[in-house]
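The values are calculated or read from the model by the stated rules, or taken from the named source; none is laboratory data. The structure presented is a predicted model; accordingly, all values stated were derived computationally and were not measured. Counting neighbours? That spans all protein chains shown, and the Cβs are built from the backbone with ideal geometry, glycine included. The area values use the complete protein model at the heavy-atom level, side chains included, leaving out ligands, DNA and RNA. Shrake-Rupley method; radii C 1.70, N 1.55, O 1.52, S 1.80 Å.
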Amino acid sequence: MGEIIVEVRNLTKKIGKKPILHNINLTVERGSIHAVLGPNGAGKTTLLRTILGIYSYESGKVMVLGYKMPEQRSIVNKLISYLPEDAQPYERLTGYENLFYYALIYSGGIRETAEKMVELGIKLSNLGDAIYEKTGTYSKGMKRRLLLARTLMCKPKLAVLDEPTSGVDVVSSHKLRQILKEAVKNGTTILLSGHNILEIENIATHVSFINNGTIVAEGSTEQVKRSFSVANLEEAFLKAVGAT
Amino acid sequence: MPSLLRVVLWKEIIDLLRDRRTLVATLFMPLVGLPLLALITGAAVSQETIVIHVIVEDPNNETISFADSFYQQYIDELNKYSLSYTIVMTNDSNLSGVQVAIIFPVGFSQNMTRLDGTARVYVSVLLGSPAAERAAQIARMVLSSMEYQMIIQRVENLSSIAGIQVDPYSLLNPIAIYSASHKPGGQAATSKEVGVASSARLLEFALFFVANPAIFYMIDSFMGEKERRTIESLLATPIPRRTLVAGKLLSSVIVGLIVAFGDFAGVMIYFYLTYSAGLVFTPGLVIVHVVTSLLLVILTASMALPIAIRAGSVRAAQGMALVMTLIAMSIYFTALVVDITSLSLTSRAIFESIPLTHAVLVIHYYILGETMRSLLHILVMGAFAVAFYIIGTALVNDEKLVMFRD
Ligand SMILES: Nc1ncnc2c1ncn2[C@@H]1O[C@H](COP(=O)(O)OP(=O)(O)OP(=O)(O)O)[C@@H](O)[C@H]1O
Ligand SMILES: [Mg+2]
């Protein structure tokens, strides 16, 4: 087993009085593309936000890159980046300016470093001249590609992507998988969520199935398929959530 | 300035300035609306034509000649106030279609010419017409000046009957009242100083308009980003919370000031159009006003910070900010009307615990020539602003900035 990037132990999270996550355990290894898969309302977004330290939690332990969350967030936030599920760019800013703003934040305000990041971001977003338009004029998929590029351009040690492919067309989502694989080669570990299992089967090296706030299976895609003795992830998932 | 703060400022300011509609909307009311209001009111008032009848019911010649003389003087006065009117002298007592009637009833001259008679004149005004009320006021003024002439005439008659020599003016004015102003040290205030003091009061009213746009931008800052779904990813970046708060506060203040400058111009034009006479602005007063405005904008924006961060939604923030503004406004205007410095210690402490009061005090003490105390209240305003900034920073809670809550 390689270096552990994210470690979640016995995590319990309530919203108000309602328990959302129960006794969650999750391990993300360095260099993996780890997918958290589950139906709507399973708790994927809540889990990612808790890992990122945006949400507090009742009990358990969350470690990211060896730092305790949420206490050591200010260190961790320099090393990671996050694409929320329903994030929007600043619509009065151009695509370029949206990238530049985050690049300046990640580079600590150093222009040269930021410009290099933006260069990569423009390449990743593949938006052509639209990058110089206000993002208010973008389609949903164009916005998603811009934001994904913004998340990866800073070459984080960990990228947390909540449903990265939502709203993105087939060609773009194929391209996106290439981009993710490329990012991993450059040293980024990826933790993502989704419910389109077919799409994710192609890229994920590891999966965690989540249902009703509980992890029902975890491991490398091969391990998981083997343990349910099935040929593909979808069948494994249906078995895991007890739908068959 | 720390470089990340510059980065946040850069983004916030272009974001706010590119929102032209909002900018124009916030500028419109004071910069265009107020002067327009003054012009429209002025134009409407001067266009209103008042129908005036001078009704002479008493056929006696002396009444007719008195009424005639009133009629001439009245027209002179009406013209002085540049009112628009039609006036006729008639013996028809029908008041329909008439807005102001000055009626000399039967028996007028008989009472007027008696040494101790009281002659009656009726001034009747159409209900609910402010313009008619103004014209009637002028009629009363003319009548009383004519009355004064008659009193003097009577005194002269009396003195000749009694065979004594008197000066009727002194006889009628045993006491003359003179007005003057002085400063706290007891020195007499010059007429210029009096003018500056009353101009300063108008400026204090104008201050209130100056604070509003910044509040408006402030409350949108965090809740607006929450609702526009732009804040969540930002919370996972290395940007320190205090930098984010400071950036949003400063950008609201800067854009708020740009708008406030326009507002200020609008309010000044409004005052100029409505009270043109008697405004005296010295460089000192203008500087004090600009400094106070700046601080007031920073102060009110930072007071809105806790609301901006914790309200939960833009709508809730707007509601809370409205309540805050109304409370602040009532206190502020009370502070303008009441001389806080002469209140009992407890009442004064209550007023002074409200940050906005200090803006009034800065100008108040400046006019009295107490520069040090004026400066002290500037510092108090600054201290309040810093306190609210610290509170605001402490209130930033990522979970609350992201999660929907009832
Ligand atoms: N603000 C909230 N108040 C109350 N309950 C909430 C709140 N946010 C989420 N929940 C509940 O928590 C559970 C998990 O929600 P979450 O958003 O984590 O699901 P998800 O797996 O990301 O779903 P999706 O695939 O639709 O994005 C749901 O049952 C949801 O109703
Ligand atoms: Mg979700």
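Under a 1.4 Å probe, what is the accessible area of the stretch B:48-172 per residue, stated in Å²? The partial results should precede the final answer.
On the way: 7200 Å² over 125 residues.
Spelled out: the 1.4 Å probe surface of the stretch B:48-172, per residue, equals 58 Å².
Separation between the B:T113 and B:A383 pseudo-spin-labels, each 7 Å from Cα along Cα→Cβ, expressed in nm?
A separation of 7.9 nm, rounded to one decimal place.
What fraction of the DSSP beta bridges in the stretch B:48-172 is antiparallel, stated in percent and rounded to the nearest 5?
On the way: 4 of 16 bridges.
Approximately 25 percent, going by the DSSP bridge assignments.
With a 1.4 Å probe and every protein chain kept in, tell me what percent of the accessible surface of chain B is carbon plus sulfur. Can you show the working numbers first?
Numbers: 13320 of 20770 Å².
Result for chain B: 64 percent of the exposed heavy-atom area is carbon or sulfur.
Zone of B:T371 (label point 7 Å along Cα→Cβ, backbone N under 20 Å): which residues in the stretch B:282-303?
Output list for this probe position: B:282-295.
May I ask you to compute the full-extension gain from B:R229 to B:T90, defined as 0.36 nm times their residue separation minus their alpha-carbon distance, rounded to one decimal in nm?
On the way: separation 139, 0.36 × 139 = 50.04 nm, distance 7.62 nm.
Stretched out fully, the B:R229 to B:T90 stretch lengthens by 42.4 nm.
I'd like the accessible area for B:T41, computed on protein heavy atoms only with a 1.4 Å probe and all protein chains in place. Round to 10 Å², please.
Its accessible surface works out to 70 Å², give or take rounding.
What per residue convex hull volume, in Å³, comes out for chain A when only alpha-carbon positions are used? Walk me through the intermediate numbers first.
On the way: hull volume 31.0 nm³, N = 244.
About 127 Å³ per residue, rounded to a whole number.
Of B:H182, B:H358, which has the most accessible area with a 1.4 Å probe, and how do the rest follow in descending order? Mind showing how you got there, number by number?
Values: B:H182 140, B:H358 5 Å².
Ranked list, largest accessible area first: B:H182, B:H358.
Please find the FRET efficiency linking A:L238 to B:I354, where r is the Cβ-Cβ separation and R0 is fixed at 56 Å, and quote it to the nearest 0.05. Working shown, then result.
On the way: r = 64 Å, r/R0 = 1.14.
According to the calculation, E is roughly 0.30.
To the nearest 100 Å², how much accessible surface do chains A and B hide from each other in total, with a 1.4 Å probe?
Working: alone 11860 and 22250 Å², together 31290 Å².
The contact between B and A buries close to 2800 Å².
Bins of 20 Å, beginning at zero and ending with the bin holding the largest distance: percent of Cα pairs per bin for chain B, please.
P(r) over chain B, rounded to whole percents: 21, 36, 27, 14, 3, 0.
Report the full-extension gain for the segment B:T190 to B:V123: residue separation times 0.36 nm, less the Cα-Cα distance, to one decimal in nm. Show your work: numbers first, answer last.
On the way: separation 67, 0.36 × 67 = 24.12 nm, distance 4.08 nm.
Working it through step by step, the gained length comes to 20.0 nm.
Once you have a ≥ b ≥ c as the square roots of the Cα gyration tensor eigenvalues for the stretch B:48-172, tell me rounded if a/c is under 1.5, and otherwise prolate or oblate according to whether a/b is larger than b/c.
Prolate, since a/c reaches 1.5 and a/b exceeds b/c.
Of the DSSP beta bridges with both residues in the protein assembly as shown, give the percent that are antiparallel, rounding to the nearest 5.
Working: 28 of 58 bridges.
Roughly 50 percent of the beta bridges in the protein assembly as shown run antiparallel, per DSSP.
Quick one: if you stick a label point 7 Å off each Cα along the C-beta vector at B:F261 and B:Q47, how many nm between them?
Result for the modelled spin labels: 3.5 nm.
Taking every alpha carbon pair in the stretch A:74-201, what does the distance histogram look like in 5 angstrom bins from 0, in percent?
Result returned by the calculation: 2, 11, 22, 25, 22, 12, 5, 1, 0.
Between the stretch A:111-136 and the stretch B:107-126, what is the C-alpha centre distance in whole Å?
Here the answer is 90 Å between Cα centres.
Can you send over the solvent-accessible area of A:R9, 1.4 Å probe, protein chains only, in Å² to the nearest 10?
So the heavy atoms of A:R9 present about 70 Å² to solvent.
Between B:L17 and B:Y81, how high is the FRET efficiency from 1/(1 + (r/R0)^6) when r is the Cβ-Cβ distance and R₀ = 45 Å? Nearest 0.05.
Values: r = 46 Å, r/R0 = 1.03.
So, using R0 = 45 Å, E works out to roughly 0.45.
Could you give each residue of the stretch B:71-82 its phi-based ³J(HN,Hα) in whole Hz, using Karplus coefficients 6.51, -1.76, 1.60 with θ = phi - 60°, and x for Gly or Pro?
Values per residue, Gly and Pro as x: 3, 5, 5, 4, 4, 4, 5, 4, 5, 4, 7, 6 Hz.
Kindly sort B:L171, B:L23, B:L379 by accessible area of their heavy atoms, largest first, with the probe set to 1.4 Å.
Details: B:L171 95, B:L23 25, B:L379 120 Å².
Heavy-atom accessible area, descending, gives B:L379, B:L171, B:L23.
A:R92 accessible area, nearest 10 Å², 1.4 Å probe?
Roughly 80 Å² of A:R92 is accessible to a 1.4 Å probe.
P(r) tail for the protein assembly as shown, what percent of Cα pairs lie past 33 Å? Intermediate results must be reported in sequence, preceding the final value.
Values: 134051 of 210925 pairs.
Tail of P(r) above 33 Å: 64 percent of Cα pairs.
Run the quick spin-label model on B:E62 and B:S144: label points 7 Å from Cα toward the beta carbon, then report their separation in nm to one decimal.
The answer from the label model is 2.5 nm.
Working with all protein chains in place, sort A:Y101, B:Y272, A:Y67 by solvent-accessible area computed with a 1.4 Å probe, largest first. Walk me through the numbers before you get to the answer.
Values: A:Y101 0, B:Y272 140, A:Y67 70 Å².
Order by accessible area, largest first: B:Y272, A:Y67, A:Y101.
Give me the inter-chain shielding for B:399-406: mean count of other chain Cβ atoms within 10 Å, whole number please. Can you show the working numbers first?
Numbers: counts 8, 0, 1, 6, 6, 1, 2, 1.
Across B:399-406, the average partner-chain Cβ count within 10 Å equals 3.
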